[in-house]
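Notes follow once the structure below has been shown.
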Amino acid sequence: MKTLDFVFETKTVGDTGEIEGYASTFGNIDQGGDVVEPGAFIESVVKAKADRRTIPMLWMHDRREPIGVWDDIAEDAKGLYVKGRHLINDDPLARRAFAHVKEKSIGGMSIGYIIPAGGAEPDEKRRGVVRLKKLDLREISLVTMPMNIEARVTAVKSILEAGSLPTTREFEEFLRESGFSKALATAIAGKAAPHLRGEPEVKPSEVE
């Protein structure tokens with residue numbers, strides 16, 4: 001089984017273990033050179049529902065560590081939409097994982113899948129890129145280090161385009177994933193923190 005990592009684009013996070021968002025988005029090339037195409041999940045998701053087979057929510061791809069239930073999995077124009085629940089009342093690991101999701105100390109999702117015959121092919125226009133056209137989805141995990149860097153950069157850009165500001169942590173991660181060193185990204189984000197908190201009266205200063 002292969003895996004493919006993404007930043008989990010969260011739509012909502014509840015107080016009792018619920019999460020909703022996208023576990024995979026179309027068009028982004030991950031660090032392994034794979035790109036998921038629209039339509040890749042449809043057959044697999046439909047078959048799983050018809051067979052009444054559950055796609056498990058796992059911790060770090062560990063089959064021994066299920067942490068919740070996906071109540072809804074569906075493909076739309078953007079990617080793989082998921083809605084589920086961490087079993088925080090019955091599983092200490094699920095409770096810990098959900099706490100990290102809420103605080104954004106982890107924000108990665110990784111799908112586990114098998115490529116059926118004819119499900120992937122090299123991209124004729126982009127050397128080293130593999131187009132994933134059809135995937136047999138087996139599990140969706142929470143992970144700490146998503147491979148798909150472009151997804152987080154896109155998320156921060158979306159926040160700015162919507163007229164809002166990212167958190168200091170989101171801005172620092174954006175800088176690091178754009179090529180800045182950890183020390184410089186931390187310094188820049190620290191200088192920008194008052195502005196990100198909505199304190200325009202603070203004058204910007206240069207990073208020394």
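The values are calculated or read from the model by the stated rules, or taken from the named source; none is laboratory data. The structure displayed is predicted, hence computed values, not measured ones. Virtual Cβ from ideal backbone geometry, glycine too; neighbours counted across all protein chains shown. All accessible areas refer to the heavy atoms of the entire protein, side chains included, with ligands and DNA or RNA removed. Shrake-Rupley method; radii C 1.70, N 1.55, O 1.52, S 1.80 Å.
Structure values in brief
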| item | result |
| --- | --- |
| Among (1) at pLDDT 80 or above; (2) closer than 23 Å to I29 by Cβ; (3) touching a strand residue (DSSP E or B) at 6+ places or on another chain (Cβ under 9 Å); (4) assigned to a loop (DSSP other than H, G, I, E, B) - the single one I88 does not satisfy | (2) |
| Within the stretch 37-91, tally of residues that are small (G, A, S), open to solvent by less than 50 Å² (accessible area, probe 1.4 Å) and over 18 Å from the mean Cα position of the chain (by Cα) | 3 |
| Qualifying residue in the stretch 98-106 (condition: under 18 Å from F6 (Cβ atoms), of a type in the set (D, E, K, R) and in contact with a helix residue (DSSP H, G or I) (Cβ under 6 Å, 6 or more places away or on another chain)) | no |
| The stretch 8-37, residues that are modelled with pLDDT under 75 and either hydroxyl-bearing (S, T, Y) or within 19 Å of E75 (Cβ to Cβ) (or both) | F8, E9, T10, K11, T12, D30 |
| The stretch 99-131: number of residues that are within 15 Å of V35 (Cα to Cα), open to solvent by 70 Å² or more (accessible area, probe 1.4 Å) and in a loop (DSSP other than H, G, I, E, B) | 4 |
| Answer from L165, L137 - the residue that is of a type outside the set (K, R), in contact with a strand residue (DSSP E or B) (Cβ under 8 Å, 6 or more places away or on another chain) and at pLDDT 65 or above | L137 |
| Filter pass, G198 being open to solvent by less than 70 Å² (accessible area, probe 1.4 Å), of a type in the set (G, A, S) and at pLDDT below 75 | yes |
